[in-house]
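What follows is a single structure, written as structure tokens, with notes after it.
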Amino acid sequence: MYIPKHFEEPRIEVMHELIRERPLATVVTLDSQGLAANHIPLHLTVEPAPFGTLRGHVARSNIIKSNMEALVIFHGPDAYISPSWYATKNEAGMVVPTWNYVVVHAYGTLQLIDDASWVRTQIEIMTNHNEKSFPEPWAVSDAPHEYTEKLIEAVVGIEIVISRLSGKWKVSQNQPSRNQASVALALENSVRSDAALVADLVKQRSHQ
């Protein structure tokens, strides 16, 4: 991934936070059949240091195999940026559309875990993580044991020990402060998905 210096996010804890908040990942692998991309929710643990481990599960019929090198992509908030939002637009007209976005790339070797107990524990951990903010959290144990055991038989666990992390926070850091302010204001007034989140990021990064 191309990362200009002003868009680089090297802090592991910041990248980890995005992974936890946006756990649905695009897992890209390459084998003799070519490239494959799967969309899989993954749970992050911090061990081993410094980058941690990603765990999840896939259907047994999935073509993913053990010992495959994987690129795992986590997408944060994103938004289209109109040239009309720049405060400097009327001065020289030298503005063009762009897209603000946040993304983390994780790299590592994918391993399959064919162990029903491991898979059940992984599903329970991921479920508890995603249910914790609900007033009445659902738990795996709420479903009939025979039902969940049958479903678990149909999946296999995956584990990726992260060997490298890359973070890119492209949120108008390359613009003068006037444009950063006007972009943030326009995003705050937008009804588009993620616009308010991107506005906050533009304001945060304009002070760094």
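The values are calculated or read from the model by the stated rules, or taken from the named source; none is laboratory data. It should be emphasised that the depicted structure is a prediction, and the values quoted were computed from it without experimental measurement. Please note: Cβ atoms are built from the backbone with ideal geometry, for glycine as well, and neighbour counts cover all protein chains shown.
List every residue pair whose Cβ atoms sit under 9 Å apart, with the two residues 6 or more apart in sequence or on different chains, where the first one lies in segment 1-21 and is at negative phi and among the aromatic types (Phe, Trp, Tyr) and the second, anywhere, is loosely packed, with under 14 Cβ neighbours inside 10 Å and not in a helix (DSSP H, G or I).
Going by the 9 Å Cβ cut-off, the qualifying pairs are PHE7/ASN174.
Let me confirm something: among GLU13, GLU17, which residue is closer than 21 Å to VAL102 by Cα and surrounded by fewer than 14 Cβ atoms within 10 Å (Cβ to Cβ)?
GLU13
Can you tell me which residue in segment 188-208 is surrounded by the most Cβ atoms within 10 Å (Cβ to Cβ), limited to those that are of a type outside the set (Ser, Thr, Tyr), under 21 Å from PRO4 (Cβ atoms) and under 23 Å from the mean Cα position of the chain (by Cα)?
VAL198
List, please: which pairs have Cβ atoms under 6 Å, are six or more places apart or on different chains, and start with a residue in segment 105-119 that is within 30 Å of GLU9 (Cβ to Cβ) and assigned to a strand (DSSP E or B) and end with one that is hydroxyl-bearing (Ser, Thr, Tyr) and modelled with pLDDT of 95 or more?
HIS105/SER166; TYR107/SER163; GLY108/SER163
Go through segment 120-162 and report how many residues are surrounded by 12 or more Cβ atoms within 10 Å (Cβ to Cβ), assigned to a helix (DSSP H, G or I) and small (Gly, Ala, Ser).
0
Could you tell me which numbered condition HIS75 fails, if it satisfies all but one of (1) surrounded by fewer than 19 Cβ atoms within 10 Å (Cβ to Cβ); (2) at pLDDT 95 or above; (3) farther than 21 Å from HIS39 by Cβ; (4) not polar (S, T, N, Q)?
Looking at each condition in turn, HIS75 falls short on (3).
Considering only segment 30-57, how many residues are touching a residue at least 60 places away in the same chain (Cβ under 8 Å), surrounded by fewer than 19 Cβ atoms within 10 Å (Cβ to Cβ) and either more than 16 Å from the chain's Cα centre (by Cα) or assigned to a loop (DSSP other than H, G, I, E, B) (or both)?
1
Could you check how many residues of segment 171-208 are closer than 20 Å to LEU18 by Cβ and either part of a helix (DSSP H, G or I) or in contact with a His (Cβ under 9 Å, 6 or more places away or on another chain) (or both)?
14
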